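We did not get these values from a lab; they are worked out from the coordinates using the rules stated. Note that this is a predicted model, so its numbers are computed, not measured. So basically every Cβ, Gly included, is an ideal-geometry build from the backbone, and we count neighbours across all protein chains shown.
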Amino acid sequence: EAGVTQFPSHSVIEKGQTVTLRCDPISGHDNLYWYRRVMGKEIKFLLHFVKESKQDESGMPNNRFLAERTGGTYSTLKVQPAELEDSGVYFCASSDLVYNEQFFGPGTRLTVL
Amino acid sequence: SQQGEEDPQALSIQEGENATMNCSYKTSINNLQWYRQNSGRGLVHLILIRSNEREKHSGRLRVTLDTSKKSSSLLITASRAADTASYFCATCVAFDSGGGADGLTFGKGTHLIIQP
């Protein structure tokens, strides 16, 4: 069974540009989460989807971040416009509604110059 | 203040020895999960322990949970060089109205080094 996949693995952009990160959860997992780890800090929760609905987006830093999960399958996280402090590793995780073990993808390393 | 906090921050032991890492948290939880991260790679799920459980085993891993002390420990027995990694505990506080579990709150991790 395929795990959580994320694309791209790395992204280097300039301040002010737009970047879109993609996450494909484990098939059948209704819960999808986005997390971020900036240099030297803990992994922080950003938001949570149950199927296509945003259940909790309390961790989103500001309105430059937009997450979608159309159709309840894959999700995208768009940063527009990107700022220097957005640099970090963005992780996606998914879980089912029964066991709730969250399985993480390999992450996307975002560098904003 | 962070929810999960691992102790120690770094641990270096000889191959074959046991490694124990601790995690403390502040609020009531639904479950606690341990993860491993090898250098530059993603997080690997190790074990989930629920608030009504006190101990779980998985291979060479043993996790305990003491909700009265708001603490958990991860024991790796007979350590191997391949166990060298960072280990994180993450707490899930509650389930939301939609049925899905809340996002996890992570600590900063314990960096474990196994010396050959």
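What the table shows:
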item: For the range A:81-87, Karplus couplings with θ = phi - 60° (6.51, -1.76, 1.60), whole Hz, Gly/Pro x; result: x, 6, 10, 4, 6, 7, 4
item: Phi-based couplings in Hz for the range B:85-92 (Karplus 6.51, -1.76, 1.60; Gly and Pro marked x); result: 4, 9, 10, 10, 9, 9, 10, 10
item: Average silhouette area of the protein assembly as shown, convex hull of alpha-carbon atoms, in square nanometres; result: 12.4
item: The protein assembly as shown: antiparallel DSSP beta bridges as a percent of all, rounded to 5; result: 90
item: Under the Karplus curve 6.51 cos²θ - 1.76 cosθ + 1.60, θ = phi - 60°, whole-Hz ³J(HN,Hα) for the range B:13-29, x wherever Gly or Pro sits; result: 9, 7, 4, x, 7, 8, 10, 10, 10, 10, 9, 10, 9, 10, 10, 5, 10
item: Average other protein chain Cβ within 10 Å of Cβ, residues A:20-26; result: 0
